[in-house]
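What follows draws every value from the coordinates through simple rules; no lab data is involved. For clarity, every value in this text was computed on a predicted model and none was experimentally measured. Virtual Cβ from ideal backbone geometry, glycine too; neighbours counted across all protein chains shown.
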Amino acid sequence: MDNEKIKLLRSKIAVPLNVAVELLKKNNNDVLLCEQEFHDINIQTISQKAECDYKTANESYALCNYDIVKAIERINQKQVIITTGNTTDSKIGFVLWPENAAGEFYKTTKRNDVFIHTEDFDIILKEFQSVFPLKNPWNNDIEDKFDPIGNNFFDNKTCRIIVEKISHIKKDDEKVQFFLKEVTNWLDDKLTYADYIVVYGNL
């Protein structure tokens, strides 16, 4: 084994001696190929742990100066946006998040709120409106209708009714159908533990 190649590789990537030797053996002493394999494995690790695609993992990895932990943290702190892709890049829309019975956020490694543009939310607005009137859990007031510029609280049971209604929406546009599936998947996931789903409109 070429000691100079080992030194060169370890000057480029932070790996123990045994890993450097193994990489060089595997890649016929080609330092560049060793580097590529090392980074590729790290990107795949990020992708798996942060539950994101390879491209997102790669971008975050580079931005975080090839630090796996920081790259995963950066991805986990990103707000999720569910969209049809047919909307403008607007900040106007609705934020949804889960809360417990005490009105508190759940502490999770990954951000568990989601943003939906107004134009996209219009596709499912009727389903949310249909369950009113509802009792506000924090002041016991009866809310007659959906509030597009404030907080709307939907208990777990009511949310499951909404999910069922959304699942019956049929559209010819494949992007819209994918959007509907993403929304129901997000809601289904949060309803496994959340007491409430809050829908906040920032119109």
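You can think of it this way: the chain between His168 and Glu51 has 39.3 nm of extra reach, that is 0.36 nm per residue less the Cα-Cα gap.
In debye, nearest 20, what is the charge dipole magnitude of the chain about its Cα centre with +1 on Lys and Arg Cβ and -1 on Asp and Glu Cβ, if you could check? Could the numbers behind the result be given before it?
Numbers: 26 positive and 33 negative charges, 104 e Å.
Once rounded to the nearest 20, the dipole reads 500 debye.
Counting 0.36 nm for each residue step from Gln44 to Leu125 and taking away their Cα separation leaves a gain of 25.4 nm. Across region 171-187, coupling constants 3J(HN,Hα) worked out from phi with the 6.51/-1.76/1.60 Karplus curve, θ = phi - 60°, read 10, 6, 5, 4, 5, 5, 4, 5, 4, 4, 5, 4, 5, 5, 4, 5, 5 Hz, and Gly and Pro carry x. Stretching the chain fully between Tyr106 and Ile149 yields a gain of 13.2 nm (0.36 nm per residue, less the alpha carbon separation). Here, region 74-145 is characterised by an Rg to Rh ratio of 1.02, where Rg is the alpha-carbon radius of gyration and Rh the Kirkwood radius. Tilt of helix 118-129 relative to the longest C-alpha principal axis of the chain, in degrees (0 to 90, nearest 10)? Computed tilt is about 50 degrees. Note on Lys110: aspartates and glutamates with a C-alpha under 14 Å away, same-chain residues under 8 apart excluded, are Glu51, Glu73, Asp189. In percent, rounded to a whole number, the relative contact order of the chain is 19, using alpha-carbon pairs under 8 Å and six or more apart. Would you work out which of Gly150, Asn140, Pro16 lies farthest towards the positive end of the dipole of the chain? Charges go on Cβ: Lys and Arg +1, Asp and Glu -1. Positive-most Cα among the choices belongs to Pro16.
The string of couplings for region 8-25 from the Karplus curve (6.51, -1.76, 1.60, θ = phi - 60°) is 5, 4, 6, 7, 9, 10, 7, 9, x, 4, 5, 5, 4, 4, 5, 4, 5, 4 Hz, one whole number per residue in order, with x for Gly and Pro.
Rg and Dmax over the alpha-carbon atoms of region 3-75 stand at 13.0, 38 Å.
What FRET efficiency, computed as 1/(1 + (r/R0)^6) with R0 = 25 Å and r the Cβ-Cβ distance, is obtained for Trp138 and Arg160, rounded to the nearest 0.05? All intermediate terms of the calculation are to be shown ahead of the outcome.
Numbers: r = 21 Å, r/R0 = 0.84.
For R0 = 25 Å, the calculated efficiency reads 0.75.
Please work out whether region 60-105 counts as rounded, prolate or oblate from its C-alpha gyration tensor, where a ≥ b ≥ c are the square roots of the eigenvalues and a/c under 1.5 means rounded, while otherwise a/b larger than b/c means prolate and anything else oblate? Oblate shape, in that a/c is at least 1.5 and b/c is the bigger or equal ratio. Restricting attention to the chain, close to 90% of DSSP beta bridges with both partner residues there are antiparallel.
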